[in-house]
Each structure stands twice: as C-alpha cells, then as structure tokens.
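> Just passing along the structure, written as structure tokens.
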Amino acid sequence: MKGPGIKDYLEFIQQQKQQARQRGEKYIEISSKQLHEQISPEHATMPTCCQAIYKLLYQGDEILQRPKGQTGFGSHLRVRYDVENLEHREVMFPPKKRGRPAKTEEQKQREKMLKTNRSTEDLRRVLVAWLKERGWQTEESASKIRATRDQLTWIIEVQGTHRGRRQPLPSKINSVLRDIDEDSSTTRYSVAFNDSSTYRKQWSEIPRIVKNKLNVSVILADKSGNIQEVK
C-alpha cells in the first residue's frame, strides 16, 4: 500500500497553522519526527515529510534544529512557523531541483566554516550568525560575545581550536565565572566549544545544582552545521 504523499503533509501543516491562528497564538513548532508519526507511522516517508516542512517555511519563520548529514532530511528537523500575516510573506526556500531547499550564500559560507577545524575567531563568527538568526544583537571582542535581546544579556566565552595541550572544561569555565555579577535573573553565561565527546562528558560531571545556581551553560558546534546549547 502506498504511503501518504506531500499533499497530505502540506494539508496537515496548513491546518495546524490555521488552528493556531484561530486560538490567538503567534507561532507553532513542528518536528519532522512527530509529524511523520502522525501522518505516516507505517511508511518510510521521512524525506517527503521534511520536504513539506521546508516548502511551507516563509520569511520570518525559523529553523530551530537541522538534521544531521548533508541532505537536509531526517527526524531531527524542527521549525517554528510564524502564523501571523501568512498571506504576504515570501517563501524562505524557492523551488529547486530534486526538492531540496535552496541555500543562501550566507548559509553556504556558514556550512563551509563548520566543516573545518574552527579557531576561536572562526567559531565566534559562526556563533554571531547563529545568534543574529534568533534576534540577538551582538558585541564582539577577541574571545567573547555579548548578546542582548528583550532586556536579557547573554555573555559567551568562545574557546575554539588552539595549539598545545587541551585544557579540561572546568578550567575553561573559570573565565566565565569572572564575568558573573549578582543579577543572574537577566544575564546568562555560556562557554562555547567545538563539539567533542570529552567536553560533553566533563560537562555532565558538573553538578546540575551548580549550573542552575550560576545560570551557566555550554554551547557546542559540530561539523555538520548544528549548534546546541547544553544546560
């Protein structure tokens, strides 16, 4: 039996947008994994599912998480649709061959940078682009980013690739601790690294109560174009 086609996915997403708009909501989030489970649990139609999600992205919408790999299709795709002013916004990805979403020059440059071993300067540029996509205003120094949005401040210490012996993560966290002031309700702190299993393990060993008390997190950038904040 043939599985659902792209029309089925498009109709469902459009339906979700309209229902959210009627409820007075400003946006909805959709993940490819959940959408596929709702529409096509018995058939392998994930590429069609992702294609439909991309097709209905408009300027002002946001890709929260991209799938791993180069195709742009997979169960990790998550987007945020703005459900206001649906009729007067341009599509984010104009149609192209084979149905894959077109990439802007900025996206191509970002992906190129992410595939290399990133120095502190490279990693800082990638993070600034990532922050601006999410509405943050940024100020930069050699190894630090100060981002602001909606009366909130985010201070990020950037630790890219360096020569010599790799320092453990806790010792690098010390540079963030020097920036912490008394008002943690409006300021958050992070240290950013190129993703590695070593840093993930070291971060998991720090007690959660300490991380929450200091409002500190790590930001990890991998070579596939994914940036993740881990609290």
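The values are calculated or read from the model by the stated rules, or taken from the named source; none is laboratory data. Quantities reported herein were computed from a predicted structural model and do not represent experimental measurements. Note that each Cβ is placed from the backbone with ideal geometry, even for glycine, and that neighbours are counted across all protein chains shown. Quick note on the areas: whole protein, heavy atoms, side chains included, nothing else; ligands and nucleic acids left out. Shrake-Rupley method; radii C 1.70, N 1.55, O 1.52, S 1.80 Å.
> Residues being under 18 Å from the mean Cα position of the chain (by Cα) and open to solvent by less than 80 Å² (accessible area, probe 1.4 Å): count how many of those fall in the range 135-148. Write out each step before concluding.
Filtering the range 135-148 for residues under 18 Å from the mean Cα position of the chain (by Cα) gives 135-138, 145, 147-148.
Those left that are additionally open to solvent by less than 80 Å² (accessible area, probe 1.4 Å): 135-136, 138, 145, 147-148.
Of the residues in that region, 6 qualify.
> Just give me the residues in the range 197-227 being in a helix (DSSP H, G or I) and of a type outside the set (Val, Ile, Thr), in sequence order.
Here is the first cut: in the range 197-227, the ones in a helix (DSSP H, G or I) are 197-204, 208-214.
If the condition is that a residue be in a helix (DSSP H, G or I) and of a type outside the set (Val, Ile, Thr), then Ser197, Tyr199, Arg200, Lys201, Gln202, Trp203, Ser204, Arg208, Lys211, Asn212, Lys213, Leu214 are the ones that fit.
> For the range 181-222, which positions are closer than 16 Å to Val126 by Cβ and of a type in the set (Val, Ile, Thr)?
Val191, Val218, Ile219
> Name every residue in the range 11-42 that is open to solvent by 90 Å² or more (accessible area, probe 1.4 Å), touching a helix residue (DSSP H, G or I) at 6+ places or on another chain (Cβ under 9 Å), assigned to a helix (DSSP H, G or I) and not charged (D, E, K, R), in order of residue number.
Gln38
> Quick check, is Ala52 of a type in the set (A, V, I, L, M, F, W, C) and open to solvent by 40 Å² or more (accessible area, probe 1.4 Å)?
On the way: of a type in the set (A, V, I, L, M, F, W, C): yes; open to solvent by 40 Å² or more (accessible area, probe 1.4 Å): no.
Taking the combined requirement at face value, the residue does not satisfy it.
> Provide a single number: the residues in the range 178-231 that are at pLDDT 85 or above, within 14 Å of Thr153 (Cα to Cα) and open to solvent by 30 Å² or more (accessible area, probe 1.4 Å).
Residues meeting the conditions: 1.
> Are there strands (runs of 3 or more DSSP E) fully within the range 58-176 with at least 1 residues that are modelled with pLDDT of 65 or more, touching a strand residue (DSSP E or B) at 6+ places or on another chain (Cβ under 9 Å) and of a type in the set (Asp, Glu)? List them. Talk me through it step by step, then tell me what you get.
Details: elements: 62-65, 78-82, 137-141, 144-149, 152-159.
It comes to 62-65, 78-82, 137-141, 152-159.
> If you don't mind, there's one more thing I want to ask. Taking the criterion of being open to solvent by less than 80 Å² (accessible area, probe 1.4 Å) and within 12 Å of Asp82 (Cα to Cα), would at least one residue in the range 3-10 satisfy it? Lay out the reasoning, then the answer.
The initial filter retains those residues of the range 3-10 that are open to solvent by less than 80 Å² (accessible area, probe 1.4 Å), namely 3-6, 8-10.
Filter once more, keeping what is within 12 Å of Asp82 (Cα to Cα): none.
The answer is no; no qualifying residue exists.
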